[in-house]
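The values are calculated or read from the model by the stated rules, or taken from the named source; none is laboratory data. Quick caveat: nothing in here was measured; it's all calculated off a predicted structure. Using ideal geometry, Cβ is built from the backbone for each residue, glycine included, and neighbour counts are taken over all protein chains shown. Surface areas here come from the heavy atoms of the whole protein model, side chains and all, with no ligands, DNA or RNA. Shrake-Rupley method; radii C 1.70, N 1.55, O 1.52, S 1.80 Å.
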Amino acid sequence: GWKVSTKSGSLSYILPCNRLPVQLMSQVRVYTSNGQKKDLGSEDTNASARGETLQKAETGQDTTNAGQKQSSPKQPIQVKVKPVLKKREYGPKYTQNNFITGVRAINEFCLKSSDLDQLRKIKRRSPHDDTETFTVYLRSDVEAKSLEVWGSPEALARERKRRKEAEIKYRENLFRNQRLLWEYKEFFGNTKPRSSTAAMFFKGPGKVVMVAICINGLNFFFKLLAWVYTGSASMFSEAIHSLADTCNQALLALGISQSARTPDPSHPYGFTNMRYIASLISGVGIFMMGAGLSWYHGIIGLLHPHPVESLLWAYCILAGSLVSEGATLLVAINEIRRSARAKGLSFYQYVVQSRDPSTNVVLLEDAAAVLSVAVAATCMGLTSLTGNPYYDSVGSLGVGTLLGTVSAFLIYTNTEALLGRSIEPEQLQRLTEFLESDPVVRAIHDVKATDMGMSKVRFKAEVDFDGRVVTRSYLEKQDIEQLLQEIQQVKTLEELEAFMLKHGENIVDTLGAEVDRLEKDLKQRNPDVRHVDLEIL
């Protein structure tokens, strides 16, 4: 029965006990709140002897005291209870402590700005570079306020649906109004100042592309007249080549203008890859229009040769084309040299890595144009000297092969750029060494640095932070004497939990501030790095 009362300090317990047949020495047992017990030992060092004596007493093996009930003085068993903080169950979905911004509260919970004035405002560290702190609200407060305003979750859902339909209708009207505004500008003239997109075509790659469009357009017109007059297959290939160059460079101009668009929610990293897409399509266009038609016309000339008329005009037009194409080629070479020098790369590395796809296309197209003019002039000269039209057809095939080689190179380099290649190993090593040299960082793992195009790099790494350094950084900003007083005032579990929760959250905020500092320093020291993702390991 429950007869023996034991006491330990101020704790009193009733333990089930029969009359013990042997004398028990004082024992200490520790019971935790999760039901586990642990023997801490006995005051008597001969614990094994006591265990044997107890076993004999219980099994009746002690013959000298058999059948006799011996009474012994009963000493209390000391029991110590180890306090353990109860684990809190949050469930699969817990949003009571979530913070949301004012804009999100207004949009998602259909509130007004005046409704938010009555809620608790909390200052948190801003994720944006231009601001240090910003105001957020507790999600639970916002949800309660929305139910207070709308009365029920069903009414709130109806209001969300109504606003969604209104937003769709607004977008349709906005598209219609933009179209009307465009027609109005076309009719009355556009008096808007020149935009930054238009200014892009007066310097750098845009200037190179515009010069190439004008020159290749004129070359196509005059080469087409020469082909009509002479019927030369090589001159036809040159005319098709100039037409292909003009169309492709117009496509490059479109890609340059689209790449200047500002990022939107659907494209958070911007539209810089539009230049590579335009260059890739340009390479395909050169292969289909330039190389394909040149090969076709050359094969037809071999199968059905016909005499070639006077080639005097053709030579004059080819000479003019050589001068104009050479001038465009020099403009592209100078632009690439300037850009390569700024990046610390050689001319060859800059071209092979396709750092500037638009200028690369102009460079290769004009280089191919100059070589193709030389090939066409040579084959036409052989035809004029020998009277054999096969030389002219062979020249057309040579120009087609040259264009096919250029298009294959453009397709390969732009495809590699669009796939997201890594940056140079030396640059990646510099970024890694910079992070590892910071005292708050223990190690860097799983480093990835992707070239997003147009000298924009995205850097990602798993960072093992030194918790002691982060904690010391937090303590350096605190009043140590006041903190010591707070520690001395902690007497109960509740006070200990409140103390740890308060300073634990502040230490996590300090860790977040250290991450922001590293990302900012990494961008400042390496201007090519535009997006940094440091994940805490």
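Things worth noting here:
- Test: residue in region 298-314 that is under 17 Å from Phe220 (Cβ atoms) and either free of Cβ contacts under 8 Å to residues at least 40 places away in the same chain or buried (at least 18 other Cβ atoms within 10 Å of the Cβ) (or both): yes
- Pair list, Cβ < 7 Å and 6+ apart or interchain, from region 151-174 residues that are open to solvent by less than 70 Å² (accessible area, probe 1.4 Å) to residues that are of a type in the set (Ser, Thr, Tyr): Leu156/Ser146
- Region 259-282: number of residues that are more than 21 Å from the chain's Cα centre (by Cα) and open to solvent by less than 80 Å² (accessible area, probe 1.4 Å): 4
- Filtering region 409-443 to residues that are farther than 14 Å from Tyr276 by Cα, out of contact with any Asp or Glu (no Cβ under 6 Å at 6 or more places or on another chain) and open to solvent by less than 60 Å² (accessible area, probe 1.4 Å) leaves Gln427, Leu428, Leu431, Thr432, Phe434, Leu435, Asp438, Val441.
- The listed residue being assigned to a helix (DSSP H, G or I) and either among the hydrophobic types (A, V, I, L, M, F, W, C) or within 30 Å of Ile240 (Cα to Cα) (or both), out of Glu365, Glu433: Glu365
- Filter pass, Val323 being modelled with pLDDT of 80 or more, aliphatic (A, V, I, L, M) and within 30 Å of Val457 (Cβ to Cβ): no
- Taking strands (runs of 3 or more DSSP E) as the structural unit, those lying wholly within region 40-152 and holding at least 2 residues that are at pLDDT below 75 correspond to 78-82.
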